[in-house]
Amino acid sequence: MKIKSLAYLTDLFFPAFDGEIIDRGDYWVIRTPANPDFYWGNFLLFRSSPVHNDFIRWQELFSLEIGTPPEVVHKVFGWDSPIGDLGEVEPFIEQGFRLNQNAVLETSKPIPPSWFSPEINIRPLISDADWLQAFDNQKACWPEENIDPDHLAFMAIQMDRYRRMADAGLGDWFGAFIGGRLVADLGVFHDHQIGRYQSVETHPDFRRRGIAGSLVVEAGRLALEKYYLDKLVIVAEENSAAQRLYQNLGFCPLEKQVGLEWWPDMH
């Protein structure tokens, strides 16, 4: 069974590296054993949107394939609909699930922003110190009230995965540096044809200076050249400021991505 959704297809670059992807016919099982607290790394991806009685059936399949409390406290479902078909999501929402609706954008040639600042040095991370700065920047961009030891451990495992993928030649993590300080970062990883962005973050003290746009474009240009990619894909919350930024940089909305998520402290 082939995945049609460009967003989910590129999402699976990561469990394909160090996790498990199992085709069950009408759904896929995605597991990341090294990071069980990564909710969107341990989920079910269905071939089509939910229909009558899927509220019960999907949760039973999740318990069977991913797990149950106390080891697994979340429930996450996606479905392979590039047009963003919602199906019958109401029973899930009524029981506290959150509906995710994202825009999926692509380009083969990002457009440099008019506000590019010459003080910014954009390059791949090359040292332990670089990676530590990137981790610190990702941490600084997360809401302080949501930072706890478990989440920090999750973030550390994620960054370790990205570094191992970069070491394996599957992409790079890029930083925007000002005077040697990393002030924004992101990743671009690939399957030798398509590049997928990850975790675009700018330090709160350096926002509204055009840094994120410059970083997205230059990182994309470097990835296209280095890995001979056909196109770049980036995903953003639908109708968000991030989507508008990416469209201004030459990314065109192509598809929609939908999914449902629940965990105890999400509200």
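Assorted remarks:
- Of all residues making up segment 1-32, the number that are in a loop (DSSP other than H, G, I, E, B), of a type in the set (A, V, I, L, M) and open to solvent by 50 Å² or more (accessible area, probe 1.4 Å): 1
- Annotation note: Cβ proximity below 9 Å between a residue of segment 119-133 that is in a helix (DSSP H, G or I) and a residue that is of a type in the set (A, V, I, L, M) (sequence gap 6+ or interchain) occurs for 130/182; 131/125; 131/159; 133/125; 133/182.
- Residues in segment 134-159 that are over 25 Å from residue 213 (Cα atoms) and either of a type in the set (Lys, Arg) or part of a helix (DSSP H, G or I) (or both): 145, 146, 149, 150, 151, 152, 153, 154, 156, 157.
- Yes/no for residue 247 being closer than 24 Å to residue 109 by Cβ and touching a Lys or Arg at 6+ places or on another chain (Cβ under 9 Å): no
- Scanning segment 176-204 for residues that are closer than 18 Å to residue 227 by Cβ, without any contact (Cβ under 8 Å) to a residue 60 or more places away in the chain and assigned to a strand (DSSP E or B) yields 186, 187, 188, 195, 197, 198.
- Scanning segment 212-262 for residues that are surrounded by 19 or more Cβ atoms within 10 Å (Cβ to Cβ), charged (D, E, K, R) and part of a loop (DSSP other than H, G, I, E, B) gives no hits.
- Residue check, residue 72 of a type in the set (A, V, I, L, M) and open to solvent by 40 Å² or more (accessible area, probe 1.4 Å): no
- Applying the condition of being charged (D, E, K, R) and touching a residue at least 12 places away in the same chain (Cβ under 8 Å) to segment 93-118 and asking which residue is surrounded by the fewest Cβ atoms within 10 Å (Cβ to Cβ) yields 109.
- Residue satisfying all of: in segment 33-69; assigned to a helix (DSSP H, G or I) and of a type in the set (D, E, K, R); most open to solvent (accessible area, probe 1.4 Å) among these: 60
- Lone qualifier among 241, 236, 212 - being aliphatic (A, V, I, L, M), under 28 Å from residue 151 (Cβ atoms) and out of contact with any Leu (no Cβ under 8 Å at 6 or more places or on another chain): 241
- Qualifying residue in segment 175-185 (condition: in contact with a Gly (Cβ under 8 Å, 6 or more places away or on another chain), buried (at least 20 other Cβ atoms within 10 Å of the Cβ), under 25 Å from residue 39 (Cβ atoms) and not aliphatic (A, V, I, L, M)): yes
- Matching entry among 157, 83, 122 (being open to solvent by 80 Å² or more (accessible area, probe 1.4 Å) and at pLDDT 95 or above): 83
The values are calculated or read from the model by the stated rules, or taken from the named source; none is laboratory data. Please read these numbers as outputs of a predicted model, since none were measured by experiment. Glycine also receives a Cβ, built like all others from the backbone with ideal geometry; neighbour counts cover every protein chain displayed. Just the protein is used for accessible areas: all its heavy atoms, side chains included, with ligands, DNA and RNA removed. Shrake-Rupley method; radii C 1.70, N 1.55, O 1.52, S 1.80 Å.
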